[in-house]
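Below: the structure, in structure tokens.
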Amino acid sequence: MVEVIAKLHSRLLPLVAVLLLSACATRQEPPLEPVELPAAFTRTGQPEVPDTWWQSFDDKQLNDLVAQALDGNLGLRASYQRLRQARAVADRQDAALFPTLDANAGAERQESDTTESSTFSAGLSASYEVDLWGRVQSLSEAEALRVSATLGDYQAAAVSLSGEIATSWFQLVEQRAQYALAGTQLETNRNVLTVIESRFGTGQSGSADVLRQRQLVSASRERLSDIDGEIAVLEHQLAVLLGQSPGRGNLPEDDTLPILPPLPETGIPAELVQRRPDLRQAWWLIQAADKDLAAAISDRFPRLSLDASAVSRAGDAGDLFDNWLATLAGNLLVPLVDGGERRAEVRRSRAVLEELVQDYGQAVLTAIQEVEDALAREQQQLRRLQSLEKQIRLADTTYRQLRTQYLNGAISYLEVLTALQDKQDLQRTRLTTRQQLLTARVALYRALAGRIDVVESGDNRQTRTAVGRTARYESPDR
């Protein structure tokens, strides 16, 4: 057997050398990043963005909700199952790197009018493709890289889910705060109505003043009803994100928005490209496509496979393993004419690779835009909030002065009503602006966020944030 392999190797070696040089000349290097990154973002802060970025808000309820969602969200669980599928496909592809060994056994009985006979057989057969050009290895590496890409997709889904939880939670808290504010404003409007009705009874106010104030009280009641409906919708939305049936989730009660944390350190765009899981996923897909291209090129060259078998046959089962017939064969398959099929596959693989490079460049630009947009929105909301605080102080002073003048009979009630409505509108707008400011910070954290890794024990799944690599499929950083 050794002599046969040695002779086969000596005859194939010149052909292998020539074709290997041709393959090297055809092979291309992996593509570089297609976009030029800016040196820095427009604004930055001091604290680093933690992997558990939602804890920066110092909101225990939010922390608990995110933990529940990462464990119970059905969409995230489905994403994890896709990761398991990708790992299984990679393991299946890895099997092609090793020989296959099969065992077989059989029994046959023949009968005629004068004779009868039995034949027993047993054997082993093995086959192995010699990976001359690295085709099998390239396919295996491509699937391993796709596992890393699927892992990146899972991590990106976890980051996106945590962002949805934080945004929905802040919206729910804001609506609860709006409900409390609407209740206070309704009480204020009722008290004012009592004063006006009293003045109307003494002839100091007209009926139109009473009607206008009653209309304002009615509008305040309607606002409470609208807010109550919005609260129910947001509670349903949060329950589904947590993996629970709408209306059955046990959500915490809170109507106080947290204080905006200090602006985090945004770093530089090059660090963002290394950190964001969706960008890492896109890069891994490029590397996998590059391996597919290598396999497509290698498929144009000869394949060498080795087959070995050992068979024993006997008329009696007791003599089955006494005599063996062993064979060893080497098969060389050289593509000659295929109508251009293999060349077309190379062109297709190269086009797929280039498509992924351009998609990756677009994803990088979009990621940088998301950071800059979040910074711009936060700055705008901060300015707006400062302006609203000033306007509310002025509106309160104006309302108090006009109310005093009205009670003294100096002005009509319409001016007081307008000032009261302006003040209450500004109070509601301040709450909405605070929520939008927090939402802008959530968007910034999501744009800067790292990854959430998988911790596995058997078939169980847990999530945690970590900096280290996950599983053997995680490829090195570029």
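The values are calculated or read from the model by the stated rules, or taken from the named source; none is laboratory data. Treat the numbers as computed from the prediction; the structure is a model and nothing was measured. Neighbour counts run over all protein chains shown; Cβ positions are idealised from the backbone, glycine included.
Which one is farthest from L181 (Cα to Cα) among residues in segment 380-411 that are surrounded by 15 or more Cβ atoms within 10 Å (Cβ to Cβ) and touching an Asp or Glu at 6+ places or on another chain (Cβ under 9 Å)?
Applying the filter and picking the extreme gives Y406.
With (1) among the charged types (D, E, K, R); (2) part of a strand (DSSP E or B); (3) within 45 Å of the chain's Cα centre (by Cα) as the list, and E141 as the residue in question, which single condition is left unmet?
Looking at each condition in turn, E141 falls short on (2).
Taking segment 83-130, which residues are under 23 Å from L306 (Cβ atoms) and assigned to a loop (DSSP other than H, G, I, E, B)?
F98, P99
Regarding segment 239-261, can at least one residue be identified that is part of a helix (DSSP H, G or I), touching a Lys or Arg at 6+ places or on another chain (Cβ under 9 Å) and either buried (at least 16 other Cβ atoms within 10 Å of the Cβ) or free of Cβ contacts under 8 Å to residues at least 60 places away in the same chain (or both)? First the steps, then the outcome.
Filtering segment 239-261 down to residues part of a helix (DSSP H, G or I) leaves 239-241.
Restricting the remaining residues to those that are touching a Lys or Arg at 6+ places or on another chain (Cβ under 9 Å) gives 239.
Add one more test, that the residue is either buried (at least 16 other Cβ atoms within 10 Å of the Cβ) or free of Cβ contacts under 8 Å to residues at least 60 places away in the same chain (or both), and what stays is 239.
There is at least one residue in segment 239-261 that is part of a helix (DSSP H, G or I), touching a Lys or Arg at 6+ places or on another chain (Cβ under 9 Å) and either buried (at least 16 other Cβ atoms within 10 Å of the Cβ) or free of Cβ contacts under 8 Å to residues at least 60 places away in the same chain (or both).
Quick check on S160: is it more than 9 Å from the chain's Cα centre (by Cα) and under 21 Å from L83 (Cβ atoms)?
Details: more than 9 Å from the chain's Cα centre (by Cα): no; under 21 Å from L83 (Cβ atoms): yes.
Against the criterion (more than 9 Å from the chain's Cα centre (by Cα) and under 21 Å from L83 (Cβ atoms)), S160 does not qualify.
Could you list all residues from segment 167-223 that are loosely packed, with under 13 Cβ neighbours inside 10 Å, acidic (D, E) and over 16 Å from K423 (Cα atoms)?
E222, the sole residue that qualifies.
Check A351, A363, A367, A374 and return the single one that is surrounded by fewer than 14 Cβ atoms within 10 Å (Cβ to Cβ) and of a type in the set (A, V, I, L, M). I'd like the intermediate steps shown before the answer.
Working: A363 fails: surrounded by fewer than 14 Cβ atoms within 10 Å (Cβ to Cβ); A367 fails: surrounded by fewer than 14 Cβ atoms within 10 Å (Cβ to Cβ); A374 fails: surrounded by fewer than 14 Cβ atoms within 10 Å (Cβ to Cβ).
Only one candidate passes the filter, namely A351.
Being touching a helix residue (DSSP H, G or I) at 6+ places or on another chain (Cβ under 9 Å), over 30 Å from N104 (Cα atoms) and assigned to a helix (DSSP H, G or I) narrows it down to one of R300, R377, so name that one.
Working: R300 fails: assigned to a helix (DSSP H, G or I).
Being touching a helix residue (DSSP H, G or I) at 6+ places or on another chain (Cβ under 9 Å), over 30 Å from N104 (Cα atoms) and assigned to a helix (DSSP H, G or I) holds for just one of R300, R377, which is R377.
For segment 412-425, how many residues meet the condition of being within 30 Å of Q171 (Cβ to Cβ) and surrounded by 19 or more Cβ atoms within 10 Å (Cβ to Cβ)?
Summing the residues that are within 30 Å of Q171 (Cβ to Cβ) and surrounded by 19 or more Cβ atoms within 10 Å (Cβ to Cβ) in segment 412-425 gives 4.
Among all residue pairs at least 6 apart or on different chains, which show Cβ distances below 6 Å where the first residue, located in segment 29-56, is of a type in the set (S, T, Y) and surrounded by fewer than 15 Cβ atoms within 10 Å (Cβ to Cβ) and the second is in a loop (DSSP other than H, G, I, E, B) and at pLDDT 90 or above?
T44/E265; T44/T266
Return the residues of segment 362-379 that are without any contact (Cβ under 8 Å) to a residue 60 or more places away in the chain and touching an Asp or Glu at 6+ places or on another chain (Cβ under 7 Å); say none if nothing qualifies.
none
From F170, F200, which residue is over 24 Å from N73 (Cα atoms) and among the aromatic types (F, W, Y)?
Details: F170 fails: over 24 Å from N73 (Cα atoms).
Sole residue among the options that is over 24 Å from N73 (Cα atoms) and among the aromatic types (F, W, Y): F200.
Go through the residues of segment 343-365 one by one and say whether even a single one is over 45 Å from the mean Cα position of the chain (by Cα) and either closer than 27 Å to T432 by Cα or not aliphatic (A, V, I, L, M) (or both). Break it down stepwise before answering.
Residues of segment 343-365 that are over 45 Å from the mean Cα position of the chain (by Cα), as a first pass: none.
No; the residues of segment 343-365 include none that is over 45 Å from the mean Cα position of the chain (by Cα) and either closer than 27 Å to T432 by Cα or not aliphatic (A, V, I, L, M) (or both).
Given the condition without any contact (Cβ under 8 Å) to a residue 60 or more places away in the chain and not in a helix (DSSP H, G or I), answer yes or no: does some residue in segment 402-409 qualify?
yes
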